[in-house]
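Novice: Pasting a structure here, questions to come.
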């Protein structure tokens, strides 16, 4: 009990420290630590840092390419593992070349490749791109790209270790605890990169940035914490680490990406600020139900009750996030359906609710209870990875990769095929595998075998056939991943340049477009196919025609007018009471607009303004 | 009266033709999955049974799928190589 209290204290203490650093910095030491951190991310690496260009988007692009490559490997490993539950000797012929994994080896390799290879790398890549888009640029692109290769190499080494006798029995952490420390060490420069990017930006971090920074901070924490497992079997710590990886790392990062991708793809802000705040705070303060296969055999009543409460509370941030993103997307279904990446992300977000709800029952039952749902826990974890979080990660890759490569994905048809193959594949797998789990659990029930024997009835191998069906359906994910990779590679070379594509309407440009009374926006006009040379007929009494170029010049005039008004207003300095109620960034802007020094604390800036 | 040639080749590609292709693919897949159920006495031929080159792989159907993955990965490398050496 004391051990878990210390672990929890260290975790939340670390998150609070990160929040403090992101907002306040280190006071007088800030510039020194910033310079040191930049040096460590760049020059300190020596020639290795020169391997990659410090171009905008290069880090995110490298991570996404590696991530999708690992999606292919992980989905293939998952497919073969699923198949072998039906036909254990399917790959026996590979024994002649030394590849004869046991079930434990296959599962350890599958877990490693899917969580730390595919999902983590894709989420990190998308997260870096979100961060650079929101802050203008990353602190160090070349360091980010270098770390992608280090992470990939570490995962590959882990894949080899997973096929040796070094593996243990801790669910999802089968490899030796020291191994996971390497991931934390690689995540540390990424975390510093995120932190520097956020602190260098004058605008305070927004919700997606908080998700990303705190998410990667959680990942950094898991490495040192995992070393405690070296002391011996500690179910409670292993369970907490699993929850941190699934909830505070994977889920948080996925939600951060979704909170950026959906509004950005639709061109509209998030529906509710309070719901996004609840999603952010709740994700880190509650215990996620995802990662249902982790459990604790024996727990005290108090601890069991507390864990049950925090598991149930975890639905609150999930529902808040899903409701917020759904409300943001509502009314924009046309734009949503035209972007396969945004659609994929939205489907993943919506699937979070059923997966989390089912996992909640399994998780509560696994923590000191009878573990009655242990037979579906593994399937639920796979659904969390491939259905909910995987779709968000791949949707993020679809939407953000063009911004990193500077070119659109090559083929919309391939994007559509990727979308449907993964959705249908995961759905078919879910239905088939859940049936298999329930049938197997029923047949393995107490007295069932004896009763069948007494009745001289042989149970048909229904579960075996359906397991085969589940594996074949999952093959859709493998093919979808390959298609996405090909689409990305071809997009890098032959995709439409992002700027040109956005400037030109998708279809043929109409010569004339009639506007009725009311309001509209340039985005709506562009989506209606209006081009720069289209005559826009305004349907008022006076009539009249203008083109989009005219509208743009009018918009510039309006912007100039607004800026002039802002300048005029900025001369007036509010009284001290109003200044105290303003946020620091607003005070900084005000001081800058008046040509006064904007550094120091809030009180310092107010003192200068009223002086 | 219009006289059509004996053999006509249409150039159109209606959207519904893809639906038919997909349905045909699903039907073929369903047949393969249901083969051992419909004909329990017979084993569905594996890759090694069809191509003697792969006879050492055994009769498992998983090799059809793994072959698909290998072809897909090969296609990725070919695409990458092709784009890198493309002269345009």
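Novice: Say each of residue A:424 and residue B:43 gets a label point 7 Å from the Cα, pointing the same way as Cα to Cβ; how far apart are those two points in nm?
Specialist: 3.1
Novice: Counting other beta carbons within 10 Å of each Cβ, put A:129, A:195 in order, fewest first. If you can, show how the numbers build up before the last one.
Specialist: Values: A:129 29, A:195 21.
Ranking A:129, A:195 by Cβ neighbours within 10 Å, fewest first, gives A:195, A:129.
Novice: Roughly how many nanometres apart are two label points built 7 Å out from the Cα toward the Cβ at residue B:67 and residue A:4?
Specialist: 5.3
Novice: Taking a ≥ b ≥ c as the square roots of the eigenvalues of the Cα gyration tensor of segment A:78-172, is the shape rounded (a/c under 1.5), prolate (a/b larger than b/c) or oblate?
Specialist: Numbers: a/c = 3.08, a/b = 2.56, b/c = 1.21.
The shape class here is prolate.
Novice: Right, here's the next one. Mind computing the radius of gyration and Dmax over the alpha-carbon atoms of segment A:110-264? Å is fine for both.
Specialist: Reported Rg and Dmax, both Å: 15.7, 51.
Novice: Based on the Cβ-Cβ distance from residue B:51 to residue A:160, what FRET efficiency comes out when R0 is 51 Å, to the nearest 0.05? Before the final figure, lay out each step's value.
Specialist: On the way: r = 31 Å, r/R0 = 0.60.
With R0 = 51 Å, the Cβ-Cβ based efficiency is 0.95.
Novice: Hey, fewest Cβ within 10 Å first, where do A:577, A:66 land in order?
Specialist: On the way: A:577 7, A:66 22.
Placing the least packed residue first, the sequence is A:577, A:66.
Novice: Between residue A:577 and residue A:441, what is 0.36 nm times their sequence separation minus the Cα-Cα distance? Round to one decimal in nm.
Specialist: This chain segment gains 42.2 nm when fully extended.
Novice: Right, another one. Arranged by the count of other C-beta atoms within 10 angstrom, fewest first, what order do B:22, A:345 take? The partial results should precede the final answer.
Specialist: Values: B:22 11, A:345 31.
Exposure proxy ranking, most exposed first: B:22, A:345.
Novice: As a test of understanding, state the convex hull volume per residue of segment A:120-194 from its alpha carbons, in Å³. All intermediate terms of the calculation are to be shown ahead of the outcome.
Specialist: Values: hull volume 6.2 nm³, N = 75.
Enclosed volume per residue, from the Cα hull, is 83 Å³.
Novice: Further question: Determine, at each q value in 0.14, 0.19 (inverse angstroms), the log₁₀ of I(q)/I(0) that the Debye formula gives when each Cα of segment A:281-355 is one equal point scatterer.
Specialist: Reported log10 I(q)/I(0), two decimals: -0.57, -0.84.
Novice: I would also like to ask the following. Please report, largest first and rounded to whole Å, the three semi-axes of the ellipsoid equivalent to segment B:20-69, where each semi-axis is the square root of five times an eigenvalue of the C-alpha gyration tensor. Kindly include the intermediate steps, with their values, before the conclusion.
Specialist: Details: eigenvalues 90, 50, 12 Å².
Semi-axes, largest first: 21, 16, 8 Å.
Novice: Please work out the Cα convex hull volume for chain B and give it in Å³ per residue.
Specialist: Cα convex hull per residue, to the nearest whole number: 260 Å³.
Novice: Something else now. In nm, give the distance between the simple-model label positions of residue A:97 and residue B:18, each being 7 Å from the Cα along the Cα-to-Cβ direction.
Specialist: Placing both labels 7 Å beyond Cα along the Cβ direction yields 3.6 nm.
Read the figures in this text as sums done on the coordinates, not as results from a lab. Everything quoted here is computed from the prediction, not taken from an experiment. A quick note on method: Cβ atoms are made from the backbone with ideal geometry, for glycine too, and the neighbour counts reach across all protein chains shown.
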